[in-house]
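Chemist: Please find one structure pasted underneath; my questions will follow.
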Amino acid sequence: MTAKPLPGQPHFAYRGEELYVEDLRLDDLARQHGTPLFVYSKAAMLAALAAYQRGFAGRRAQICYAMKANSSLAVLQVFARAGCGFDIVSGGELERVLAAGGDVAKVIFSGVGKTRAEMRRALDAGIGCFNVESEAELEVLNEVALAAGRRAPVSIRVNPNVDAKTHPYISTGLKGNKFGIAHERTLATYQRAAALPGLQVVGIDCHIGSQITQEAPYLDAMDRVLDLVQAIEAAGIPLHHIDFGGGLGIDYNGDTPPPADALWAKLLAKLDARGYGQRQLMIEPGRSLVGNAGVCLTEVLYLKPGEQKNFCIVDAAMNDLPRPAMYEAYHQIVPLAPRAGKAGLWDVVGPVCESGDWLGRDRALHVQPGDRLAVLSAGAYCMSMASNYNTRGRAAEILVDGDQAHLIRRRETPADTFQLEKLL
């Protein structure tokens with residue numbers, strides 16, 4: 001049977017009139033496990049990782065998965081087994097890495113608001129590096145490290161004032177963003193870090209945003225960072241590694257980000273030209289590894305035609321898929337088994353009591369109650385941002401490997417949602 005892969009998600013394909021993930025029918029998974037249901041393709045994750053690995057072939061490079069994109073333990077396990085380190089932004093994420101069997105020496109701790117307790121736990125665990133994001137954080141980390149009788153390995157995150165040309169909520173490299181040290185303060189900050197006895201300077205870090213679909217911001221940021229490397233090392237402070245962050249986008253709706261291997265071929269050529277080609281490199285991809293490895297399955301509950309809008313009400317909601325409500329983000333929505341006939345225009349909405357609870361607007365669908373749909377490109381920033389709003393249990397998660405389906409998270413019950421609460 002001829003397979004018709006979905007655009008941007010080749011491990012999800014129609015075979016005849018039914019949508020498959022790898023070798024399994026998605027409708028069978030929905031019947032067995034219920035909806036809403038997140039389904040991930042292991043092969044898709046490893047294929048996305050392989051593009052980075054090809055790009056870094058023959059180089060000294062460490063890929064650290066930015067786990068905020070999807071922090072499910074089994075997903076972390078897949079990347080840990082493939083040799084990845086992890087980029088974390090909280091103490092809770094560190095505990096997830098440890099629970100998943102990740103190599104703690106390959107952990108990078110980013111984030112603007114690390115607490116003293118988180119710093120101490122990360123030091124005790126033996127993480128590879130702290131990406132420090134402010135001058136005040138340097139001082140606190142030094143105090144924590146001295147109290148622990150340790151030296152904390154640090155890399156300073158530089159804010160290069162480069163426009164990533166992405167949504168303002170996920171832009172991180174401009175002067176108006178809360179992240180990193182201002183470009184013009186970087187050298188002085190490194191000099192202070194090098195003078196503090198509880199710190200060991202090991203690298204420099206830069207991350208300019210997420211869902212970036214153009215090469216130019218990366219090339220511009222690399223030039224600015226390498227200018228700083230030259231100035232810092234000229235001041236007598238050696239840098240063991242250069243961390244260029246992540247942020248590469250995926251195809252949500254005809255987006256055309258460069259393939260990871262093609263992008264890094266250009267970036268490495270620039271590194272070589274400037275004499276830094278043999279330096280230890282670190283990168284922190286997240287969305288580009290998992291975004292198009294997942295879908296969210298949902299069932300049509302009701303059709304509600306109206307004078308101005310037609311509403312297709314489904315059982316998935318903004319608590320399951322927050323991106324449309326937060327960013328007005330676009331996710332393609334397709335049927336698991338398309339019906340013959342003329343499609344109508346529907347706003348696909350959920351049951352949550354908010355007008356912002358929508359998954360897609362003006363979608364051409366031919367559907368009836370009981371039909372099942374797939375919300376595409378749902379592997380990143382969906383389950384990791386899910387909530388229990390309206391006391392809705394978070395969805396189950398399935399990881400597919402060929403013809404095997406692994407339940408990696410059971411569906412939450414109402415009792416799960418209030419198990420930590422106490423009556424008066």
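Chemist: Going through segment 58-68 one residue at a time, which ones are over 17 Å from Lys270 (Cβ atoms) and either among the hydroxyl-bearing types (Ser, Thr, Tyr) or modelled with pLDDT under 95 (or both)?
Modeler: Selection gives Tyr65 alone.
Chemist: Is segment 9-16 home to any residue that is closer than 30 Å to Glu284 by Cα, at pLDDT below 95 and either of a type in the set (Asp, Glu) or crowded, with 18+ Cβ neighbours inside 10 Å (or both)? Please lay out each step first, then the result.
Modeler: Step one: filter segment 9-16 for residues closer than 30 Å to Glu284 by Cα, giving 9-13.
Keeping just the survivors that are at pLDDT below 95 gives 9-10.
Of the ones still in play, those that are also either of a type in the set (Asp, Glu) or crowded, with 18+ Cβ neighbours inside 10 Å (or both) are 9.
Taking every residue of segment 9-16 in turn, at least one turns out to be closer than 30 Å to Glu284 by Cα, at pLDDT below 95 and either of a type in the set (Asp, Glu) or crowded, with 18+ Cβ neighbours inside 10 Å (or both).
Chemist: Can you tell which of Gly58, Gly92 is surrounded by fewer than 16 Cβ atoms within 10 Å (Cβ to Cβ) and under 20 Å from the mean Cα position of the chain (by Cα)?
Modeler: Answer to the check: Gly92.
Chemist: Next up: Under 9 Å between Cβ atoms, at least 6 apart or on separate chains: pull out the pairs that start in segment 401-424 with a residue that is under 25 Å from Gln77 (Cβ atoms) and among the hydroxyl-bearing types (Ser, Thr, Tyr) and end on any residue that is at pLDDT 95 or above and in a loop (DSSP other than H, G, I, E, B).
Modeler: Within 9 Å, the pairs are Thr413/Gly393.
Chemist: I would also like to ask the following. Kindly list the number of the only condition in (1) crowded, with 18+ Cβ neighbours inside 10 Å; (2) out of contact with any Ser or Thr (no Cβ under 6 Å at 6 or more places or on another chain); (3) over 30 Å from Val300 (Cβ atoms) that fails for Asn131.
Modeler: Of the numbered conditions (1) crowded, with 18+ Cβ neighbours inside 10 Å; (2) out of contact with any Ser or Thr (no Cβ under 6 Å at 6 or more places or on another chain); (3) over 30 Å from Val300 (Cβ atoms), the odd one out for Asn131 is (2).
Chemist: Can you spot a residue in segment 186-200 that is closer than 24 Å to Gly92 by Cα, aliphatic (A, V, I, L, M) and either in contact with a helix residue (DSSP H, G or I) (Cβ under 8 Å, 6 or more places away or on another chain) or modelled with pLDDT of 95 or more (or both)?
Modeler: Looking through segment 186-200, at least one residue is closer than 24 Å to Gly92 by Cα, aliphatic (A, V, I, L, M) and either in contact with a helix residue (DSSP H, G or I) (Cβ under 8 Å, 6 or more places away or on another chain) or modelled with pLDDT of 95 or more (or both).
Chemist: Of (1) surrounded by fewer than 24 Cβ atoms within 10 Å (Cβ to Cβ); (2) within 30 Å of Pro36 (Cβ to Cβ); (3) touching a Lys or Arg at 6+ places or on another chain (Cβ under 7 Å), Asp261 satisfies all except one. Which?
Modeler: With respect to (1) surrounded by fewer than 24 Cβ atoms within 10 Å (Cβ to Cβ); (2) within 30 Å of Pro36 (Cβ to Cβ); (3) touching a Lys or Arg at 6+ places or on another chain (Cβ under 7 Å), Asp261 is out only on (2).
Chemist: Only one of (1) closer than 30 Å to Ala364 by Cα; (2) surrounded by 21 or more Cβ atoms within 10 Å (Cβ to Cβ) is not met by Gly254, so which one is it?
Modeler: Against the list (1) closer than 30 Å to Ala364 by Cα; (2) surrounded by 21 or more Cβ atoms within 10 Å (Cβ to Cβ), Gly254 comes up short only on (2).
Chemist: Separate question: Kindly indicate which of Arg25, Arg31 is of a type outside the set (A, V, I, L, M), within 16 Å of Asp401 (Cβ to Cβ) and assigned by TED's automatic domain parsing to the domain that holds Ala337.
Modeler: The conditions single out Arg25.
Chemist: Follow-up question, since we're still on this one. Looking at segment 190-236, which of the residues that are farther than 16 Å from Gly246 by Cα and in a loop (DSSP other than H, G, I, E, B) is nearest to the chain's Cα centre (by Cα)?
Modeler: Gly198
Chemist: Turning to a different aspect of this structure: Given the conditions (1) buried (at least 21 other Cβ atoms within 10 Å of the Cβ); (2) touching a residue at least 60 places away in the same chain (Cβ under 8 Å), which single one is not true for Asp220?
Modeler: (1)
Chemist: From the list Val97, Val140, Val154, Val144, pick out the single residue that is free of Cβ contacts under 8 Å to residues at least 60 places away in the same chain and part of a strand (DSSP E or B).
Modeler: Numbers: Val97 fails: part of a strand (DSSP E or B); Val140 fails: part of a strand (DSSP E or B); Val144 fails: part of a strand (DSSP E or B).
That would be Val154, the only listed residue that is free of Cβ contacts under 8 Å to residues at least 60 places away in the same chain and part of a strand (DSSP E or B).
Chemist: When segment 384-408 is examined, which residues are found to be over 13 Å from Gly34 (Cα atoms), outside any helix (DSSP H, G or I) and either touching an Asp or Glu at 6+ places or on another chain (Cβ under 7 Å) or of a type outside the set (D, E, K, R) (or both)? First the steps, then the outcome.
Modeler: Kept after step one, since they are over 13 Å from Gly34 (Cα atoms), are these residues of segment 384-408: 384-392, 399-406, 408.
Add one more test, that the residue is outside any helix (DSSP H, G or I), and what stays is 386-388, 392, 399-406, 408.
Those that are over 13 Å from Gly34 (Cα atoms), outside any helix (DSSP H, G or I) and either touching an Asp or Glu at 6+ places or on another chain (Cβ under 7 Å) or of a type outside the set (D, E, K, R) (or both): Ala386, Ser387, Asn388, Leu399, Val400, Gly402, Asp403, Gln404, Ala405, His406, Ile408.
Chemist: While we're looking at this one, here's another question. Name the residue that is surrounded by the fewest Cβ atoms within 10 Å (Cβ to Cβ), counting only residues in segment 351-385 that are farther than 13 Å from Val334 by Cα, small (Gly, Ala, Ser) and touching a residue at least 12 places away in the same chain (Cβ under 8 Å).
Modeler: Gly370
The values are calculated or read from the model by the stated rules, or taken from the named source; none is laboratory data. Source: prediction; values computed, not measured. Cβ: placed from backbone, ideal geometry, glycine included. Neighbour counts: every protein chain shown.
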